[in-house]
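Please read the structure below before turning to the comments.
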Amino acid sequence: MNKLSDKFSYLLNSNILALLLLDCILLPLALYTAIWLRLGASWDPRLNSCIWIFYCLPIWTVPLLLNLGLYRAIIKFVDDKIVYIVCYGVTVSVAILALVVHLTGNLAFPRSAFFIYWSFATLYIGGSRLLLRAFLRKIGYKNDAKSVAIYGAGVVGAQLATYLYHGNEYAPLFFIDDDSSKWYKTIRGLKVYPPDKLLKLKQKHLIDEVLLAIPSVPLSRRREIITNLENNTIYVKTLPKIDSLINGKVKFSDIEDVAIEDLLGRVSVAPDNNLMAKNIAQKSVMVTGAGGSIGSELCRQIANLYPEKLVLFESSEFALYTIEQEMRAIFPYLNIIPILGSVTNSKLVETILKNHSVKTIYHAAAYKHVPLVESCPLSGIENNSIGTYVVAKAAFALNIENMVLISTDKAVRPTNVMGASKRFAELIMQAFASQSKTTIFSMVRFGNVLGSSGSVVPLFKRQIQNGGPITVTHPEIIRYFMTIPEAVNLVIQAGNMACGGEGFVLDMGEPVKIVDLARKMIYLSGLTVKDIENPLGDIEIKFTGLRPGEKLYEELLIGDNPNVTEHERIMKANESYIAFNELELSIANMRTYIEGNNSNEALILLSTLVPESKLNIQYVL
């Protein structure tokens, strides 16, 4: 008895009782409507004797619908299954009605009214739920719920609309979709419109944002859509992966701003898996600077290529701890060796390479923040140049199979110490390559990577979060950009193509104006630029002037006519290098200047080694 009472305890809810009462009214009304229409809007007095059937109709129909679970459904979230429940329940109800009429022998009851009753009972019972659902969804949003459109009327878009009904944080008003076969049809109660109607619909419905639900659309089309929305001052956001919504890892308040990578990133070329794994699979690999933005991504991609061992070499305790914990959590089966130390420590570097039988080195350890290195030139030269020499010398002495230097576009005709120190590092690699018959030394040069430490992207994000202004050094300054995963992917492939001494250059695509990047990031944050044309805007862009050693335009090549390689996004540079005996003498002199804290002499020597550089040597110690 207790189990039975528990099963039907939900009926005590006032809303459920109201629905039961409503159905007790609608069912007799449906039967009356059916007979009234069948008899041509008139009434046969002979039917007065079976009026009791009208009142008894809910007695067997409501329990049927109750057993089918109709009253368990929360009206706001009922789905298409309600049609099946109502149709099934009403069909059985009609069968019982026919049996009752037959047993009572009432010949005046029109038999064809049964079919009409089926139609109206289904319409009244099912339609009432759908109308109530629409009404509750309409009034159910919070007062501050954002009116949004969903771009993408596919499976993910439909699921998103359903989840938004649950969340009460966004009020979806309509779909936008590129597929003309869906235009002006209704999905989840929302109409689908073509993209060219969006601007008019925005003005009509006063929507706040567009949510992208197009996970399968190519990046080029996605970028085109976002750019079009930006041009029409429509703010756009993207949803987390739908499985993250389902398993509760994220909430609808976590619907994300579109990443700047969606506007600046390129369609990635699928990597050559054989080329990727060539110098990694079943080998002991060391990454210097393993906790940095490039180094940590190198570790992630290397780990996916099944190395025998992965040595994480890092000078920052916190960065090493962070990447070690991440790697152990994601790759518990991998043999991970964390090493805390500096690449300028020759004894430590040699010991680690020997003890762990390292076969491949990715040298990503470097100071790369231009103003900081400019103000502390000796530290920059020691870490970037001398550190590269130490690692390369150890690799040469121990016959390590491969060493790849991660270089930068700032090494090309450098105007700052950071760039010149990286160019010196490149020359060191080439000098060792000219002497080695066993170790393959190579370098890979590329421009800025989105989101890396020292990049303008995280800086701009912080400035936007603080209410501005965004600081840009010059209105005409441009830079090349690439996503971190793509850059690392190409670095690994380039290094695996090396035969010795090559300087590889990555195809960075089209350069981007930094001020345009700032404007896009303001837009993607749902804000507006504050300027003369829009004095009431949100975020101001201020120009602060070029910093010491900063160039308007970065280059990737010193010489001309680079050679193509087997990969369409990787080129091979043809550039001069210094002789090995000259290198050894220069390193000895540079160490003397660093130990003596002699910045001017160190910079003069650096300028001599990198003759195309333009350095400021007016340092006062």
Size of electric dipole in the stretch 341-420: Cβ of Lys, Arg +1 and of Asp, Glu -1, about Cα centre, debye, nearest 20:
100
Got a number for the accessible area of Asp178? Probe 1.4 Å, square angstrom, nearest 10.
70
Kindly write out, for the stretch 424-439 in residue order, the coupling ³J(HN,Hα) from the Karplus curve 6.51 cos²θ - 1.76 cosθ + 1.60 (θ = phi - 60°), rounded to whole Hz, with x marking Gly and Pro.
4, 4, 4, 5, 4, 4, 5, 5, 5, 4, 5, 9, 8, 10, 10, 8
Please report how far the C-alpha centroid of the stretch 389-453 lies from that of the stretch 317-336, rounded to the nearest whole angstrom.
26
What pairs from Lys309/Lys347; Lys393/Lys422; Lys191/Lys530; Lys237/Lys368; Lys191/Lys520; Lys354/Lys437 go past 24 Å between their alpha carbons?
Lys191/Lys530; Lys237/Lys368; Lys191/Lys520
What list of whole percents do you get for P(r) of the stretch 399-445, with Cα-Cα distances grouped in 10 Å bins up to the one holding the largest distance?
29, 48, 20, 3
Under Karplus coefficients 6.51, -1.76 and 1.60, residue-wise ³J(HN,Hα) of the stretch 227-238 in Hz, glycine/proline x
4, 4, 5, 4, 5, 9, 6, 10, 6, 10, 9, 10
List every residue whose amide H lies under 5 Å from the amide H of Ala171, counting only residues 5 or more places away in sequence or on a different chain, with H placed 1.01 Å from N in the peptide plane.
Lys146, Ser147, Val148
Give me the percent of accessible area attributable to carbon and sulfur for the stretch 399-527, probe 1.4 angstrom.
49
Under a Cβ-only charge scheme (Lys and Arg +1, Asp and Glu -1), can you give me the dipole magnitude of the stretch 401-450 about the Cα centre, in debye to the nearest 20?
160
Between Ile440 and residues 5 or more places away or on another chain, which pairs have amide H atoms under 5 Å apart, with H built 1.01 Å from N, and which residues are they?
Asn402, Met403
One finds the C-alpha centres of the stretch 160-208 and the stretch 480-506 to be spaced, in Å, by 43
What's the Cα-based Rg to Rh of the stretch 304-395, Rh via Kirkwood?
1.00
Amide hydrogen neighbours beyond the local backbone of Glu502, cut-off 5 Å, H modeled:
Met443
Can you compute the charge dipole magnitude of the stretch 366-473 about its Cα centre, using +1 on each Lys and Arg Cβ and -1 on each Asp and Glu Cβ, nothing else charged? Give it in debye, rounded to the nearest 20.
140
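The values are calculated or read from the model by the stated rules, or taken from the named source; none is laboratory data. What you are looking at is a predicted structure, and each value in this text was computed from that prediction instead of being measured. When we count neighbours, we look across all protein chains shown, and the Cβ atoms used for this are built from the backbone with ideal geometry, even at glycine. Accessible surface is based on the protein model in full, side chains and every heavy atom, while ligands, DNA and RNA are left aside. Shrake-Rupley method; radii C 1.70, N 1.55, O 1.52, S 1.80 Å.
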